[in-house]
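Some notes on the structure that comes next.
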Amino acid sequence: MARVFSGVQPTGALHIGNYLGALRQFEAAPGHLYCIVDWHAITEPHDPAQLHRGTLHVASAMIALGLHEESVLFVQSHVPAHVELMWYMTCTGTMGELQRMTQYKAKAKGRRSVSVGLFAYPLLMAADILLYRTEKVPVGEDQRQHVELTRDLAERFNSRFGETFVLPEAVMPPAGARVRSLTKPLEKMSKSDPDPDSKILLLDSPDEIRRKIKKAVTDTGREIRYDPQEKPGISNLLEIQSAFTGEPISKLEEMYAGKTYRELKEQVAEVVVEGLRPLREKMEAIAAHPGEIEGILKEGAEKAAALAEPMLKEVRQKLGFLERLPS
Ligand code: ATP
Ligand code: LTN
């Protein structure tokens, strides 16, 4: 079976974009790895208490999805191999490549100073992926460019030092790969958006979900049709409904012919409320037992470290480092 690896940053409360674009695609199969990428969460100034809470929160979602039963669920900072491989990637990638990263450009825009970590972050992501000979990386659309960079780095390393890394490929869902903000429908829904009404959180109550969707920014006109350029707000709602129900957007357009924006919003809200209910209930039950979460993560880290070690050994050897003495 093709090896799958994906990571989620513990930077805040998870939203339906994280769920539809990434988490829901995570398959609980043996040999797959899912990582809470906490080293990625400190590229921008962060609150230590929030990092701690966020790590348990993302773990509770992954456990609620049953990922720990068959797959390896772990925290990145528990497996130091990631930073060692990152250094090798840092010496493989170029400044130009990193400067072309859309996410970096967007985050650095207009700022007087950004951390080296924010700039170098795709190299850590490449290390995460390559360390486990990953073939498939389920992620949202915003991460496609980083997975492509990872392929380029792997190819470059392989051509310099001989076949070492597997070339990974990003996998995206047919609907929900780029859920947009409810208040700014031209932008993606994002954990770090300070506006709580811009996103629906996995732990939002049904009434909160209904309120946010009712307030969602729509477009001029009255027609309900999928047109992300002309009607980004309406298209986003249609895409959310399609992602939750599996119904093609064309069918939804037929269904909503002659209906009002209000009717659309009411239906979408119910679909989201029911779609999230079982996950929310499980996450709440799991969050009440942080000790159990930590136990699962510890076991996962041991398995991940054991998988990472032979890869690192091979990389060190290919690069010409002297073999370490057994401790
Ligand atoms: P931030 O915006 O604060 O950087 P984020 O909301 O993008 O955070 P991440 O932890 O960076 O969250 O992403 C976890 C996964 O969720 C990634 O695979 C990412 O592509 C996916 N994802 C994030 N936002 C969306 C979205 N709006 N639609 C679909 N997928 C998304
Ligand atoms: N950069 C990603 C999170 C991430 C990731 C990974 C995703 C870090 N390492 C490895 C897939 C595979 C993000 O910002 N969402």
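No lab work stands behind these numbers, since they all come straight from the coordinates. Please read all numbers here as calculations on a predicted model, not as lab measurements. Here the Cβ is made from the backbone with ideal geometry for all residues, glycine too, and neighbour counts use every protein chain on show.
How would you rank Leu322, Leu182, going from fewest to most other Cβ atoms within 10 Å of each one's own Cβ?
So the ranking, lowest neighbour count to highest, is Leu322, Leu182.
For Leu67, Leu98, Leu276, which order do you get if you count the other beta carbons within 10 Å of each Cβ and list the fewest first?
Lowest count first: Leu98, Leu276, Leu67.
How would Phe74, Phe161 line up from fewest to most surrounding beta-carbon atoms within 10 angstrom?
Result, fewest neighbours first: Phe161, Phe74.
Using the structure shown, list the pairs from Lys259/Lys282; Lys109/Lys188; Lys199/Lys298; Lys199/Lys282; Lys105/Lys191 with a Cα-Cα distance above 24 Å, or answer none.
Lys259/Lys282; Lys199/Lys298
What FRET efficiency would be calculated for the residue pair Glu155, Glu302, taking the C-beta separation as r and a Förster radius of 35 Å, to the nearest 0.05?
0.65
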